[in-house]
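In what follows, a structure is listed as structure tokens, so that the remarks can point back to it.
Since every read-out is calculated from the coordinates, none of them should be taken as a lab result. As the structure is a computational prediction, the values presented were derived from the model and not from experiment. In this analysis, Cβ positions are derived from the backbone assuming ideal geometry, glycine residues included, and neighbour counts consider all displayed protein chains.
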Amino acid sequence: LGVLPAHNPPRSPLRHSIHEVNSLLAARAADARARFLDIGPAFLEPDGSVSPELMPDGCHLSSAGYALWAALMAPTLSELLKE
């Protein structure tokens with residue numbers, strides 16, 4: 001899984017670092033024939049800020065955040081379990 005977005009504002013140095021890490025992880029997964037799933041964008045508001053409903057403190061998931069996290073991973077996990 002990719003590192004989830006954290007904190008506001010959307011253009012913060014931390015967000016840039018998270019984007020860079022996720023890019024490196026995606027490339028590494030492709031080289032290793034591994035699965036990489038970046039679900040982070042689903043946790044953002046249209047303006048790029050972290051959804052307070054899903055991450056009330058800008059970092060940790062709420063119960064709604066964990067429900068979304070599980071729902072987003074479910075299709076990939078189901079596919080992997082069939083393999």
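Could you tell me the relative contact order of the chain? Use alpha-carbon pairs under 8 Å, at least six residues apart, and round to a whole percent.
For the chain, the relative contact order is 30 percent.
Taking every pair of distinct Cα atoms and averaging 1/r, then inverting, what Kirkwood hydrodynamic radius in Å comes out for the chain?
Computed over the chain, the radius equals 13.6 Å.
Magnitude of the Cβ-charge dipole of the chain, K/R +1 and D/E -1, about the Cα centre, nearest 20 debye?
The calculated dipole for the chain is roughly 240 debye.
Among H60, A30, G2, which residue has its Cα furthest toward the positive end of the charge dipole of the chain, with +1 on Lys/Arg Cβ and -1 on Asp/Glu Cβ?
A30
Hand me the trypsin sites (Lys or Arg not before Pro) from region 7-40 located in a DSSP loop with no more than 15 other Cβ atoms within 10 Å, in residue order please.
R11, R33, R35
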